[in-house]
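Each remark here refers to the structure printed beneath this line.
Nothing in this text is a laboratory measurement; each read-out follows from the coordinates by a stated rule. For clarity, every value in this text was computed on a predicted model and none was experimentally measured. FYI the Cβ positions are ideal-geometry reconstructions off the backbone, even for glycines, and counts take in every protein chain you see.
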2 protein chains.
Amino acid sequence: MNTETLLEELFHAKIPITGDMQISIARYDGKTLVLEAPLEPNINDKGTAFGGSLFSLLVLSGWGLLHLKLREAGVNADLMIHKSSATYTLPVTDRIRARCELPDTPEHERFIHDVQSRGRGTIKLTACIMIGTRTAVEFMGTYVAKTTSG
Amino acid sequence: MNTETLLEELFHAKIPITGDMQISIARYDGKTLVLEAPLEPNINDKGTAFGGSLFSLLVLSGWGLLHLKLREAGVNADLMIHKSSATYTLPVTDRIRARCELPDTPEHERFIHDVQSRGRGTIKLTACIMIGTRTAVEFMGTYVAKTTSG
């Protein structure tokens, strides 16, 4: 089974609300993770995407990306969101697509190294939801990973 | 039908994911709105509440409170989240309870007045999820309301 399918199964098995939201993995290339969900199960009173659903896709795009990087490094760790900020600029009126990309800096290598050597690491990631070339929602999240015995 | 039931029905009818999350209105006293949801449909890979669900309850506690204040003032307005920040300090391992209270300042009166007189208002609210006397998640949200013809 490929990485995308495994991550999607993990989401739906371990975080059941992602199944109700119909979240799927659109793309993973080792550096960028793109999650998608249809509008309908995530709609709000204005016929646009609910802010809570947009946030869930954004926070999971970062979480999923780090989960995959930790797994590729052979590290078993619990990964949690610690701080977040989000700015909603445009309403999302169609399929939701959240994208998180690792920074160009060696930041995520330091993060993986810290988790491996000290049992704990933190990293800040940005993610976004675009409508065409325009940013609809911008997200910044600080994640913490702690090694487990698993 | 009382205010709590009407708001709960609005959530479930217009924002269907709130039904999957099993969100209910625990309390509204004209100044404070408390929303609740069971852990099970909102659980994550660590057996605690998913950060996206916690965020959804927090953002809706502010949204619901402002929706009720606008309705009490006889104002028809679309209400949207514009900016948010959240800090997750403790994992939530039981029933989720999000609480938003109007500030003591006349801030919300200015907000209602702006929406009534100019057709648009913004307001910043804080909300939280407590575990006993300890804060598990702190939320700050800036909301925008725009009058509708409805």
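Taking each residue in B:59-68, count the Cβ atoms of any other chain within 10 Å of its Cβ, then average. What number comes out?
Mean shielding count: 2.
How crowded by other chains is A:35-43, given as the mean number of beta carbons from other chains within 10 Å of each beta carbon?
Taking all residues of A:35-43 together, the mean is 1.
Between beta-carbons, use under 12 Å as the cut-off and find the net charge around B:LEU60, counting Lys and Arg +1, Asp and Glu -1.
Taking every Cβ under 12 Å from that of B:LEU60, the sum is -1.
For region B:55-102, report the translational diffusion coefficient in µm²/s to the nearest whole number, using Stokes-Einstein at 10 °C, 1.306 mPa s, and a Kirkwood Rh over Cα pairs.
In µm²/s, the coefficient is 128.
If a/c stays under 1.5 just call it rounded; otherwise compare a/b with b/c (prolate if a/b is bigger, oblate if not). Do that for region A:23-144, with a ≥ b ≥ c from the square roots of the Cα gyration tensor eigenvalues.
Note, shape of region A:23-144 comes out prolate.
With the label 7 angstrom out along Cα to Cβ, how close does A:ARG110 come to the same site in each of the other copies, in nm, nearest first?
4.0
Across the residues of A:82-92, average count of Cβ atoms on other protein chains within 10 Å?
Neighbouring Cβ atoms belonging to other protein chains average 5 per residue here.
Among residues other than A:TYR143 whose Cβ falls under 14 Å from its Cβ, what is the net charge (Lys/Arg +1, Asp/Glu -1)?
+3
Using a cut-off of 12 Å between alpha-carbon atoms, which aspartates and glutamates can reach A:LYS124, once sequence neighbours fewer than 8 places away in the same chain are excluded?
Output for A:LYS124: A:GLU101, A:GLU107.
5 Å is the cut-off here: which amide hydrogens, built 1.01 Å from N in the peptide plane, fall below it relative to B:ARG95, excluding neighbours closer than 5 in sequence?
B:LEU39
What does the net charge come to around A:MET130 if you take all other residues with beta carbon closer than 9 Å to its beta carbon, with K and R at +1 and D and E at -1?
+3
Alpha carbon centre of region B:17-63 versus region A:6-66: separation in Å?
If you average the Cα positions of each part, the centres end up 18 Å apart.
Give me a comma-separated list of calculated 3J(HN,Hα) values for region B:137-146, in order, Karplus coefficients 6.51, -1.76, 1.60 applied at θ = phi - 60°, integers in Hz, x for any Gly or Pro.
After applying 6.51 cos²θ - 1.76 cosθ + 1.60, I find 9, 10, 10, 10, x, 9, 10, 10, 10, 10 Hz.
Per residue Cα convex hull volume for the protein assembly as shown, in cubic angstrom?
Convex hull volume per residue, Cα atoms: 137 Å³.
Every other copy gets compared here: list the nm distances from the B:THR89 label point (7 Å along Cα to Cβ) to its counterparts, shortest first, one decimal.
In nanometres, ordered from closest: 3.3.
For chain B, what are the DSSP H helices with axial Cα length of 30 Å or more and mean Kyte-Doolittle hydropathy of at least -0.5?
B:51-72
First measure r as the distance between the Cβ atoms of B:ASP114 and A:HIS82, then evaluate 1/(1 + (r/R0)^6) with R0 = 35 Å and state the FRET efficiency to the nearest 0.05.
0.50
Run the paramagnetic zone check for A:MET1: 7 angstrom along Cα to Cβ, then residues of region B:37-58 with backbone nitrogen under 19 Å.
Residues passing the 19 Å test: B:44-47.
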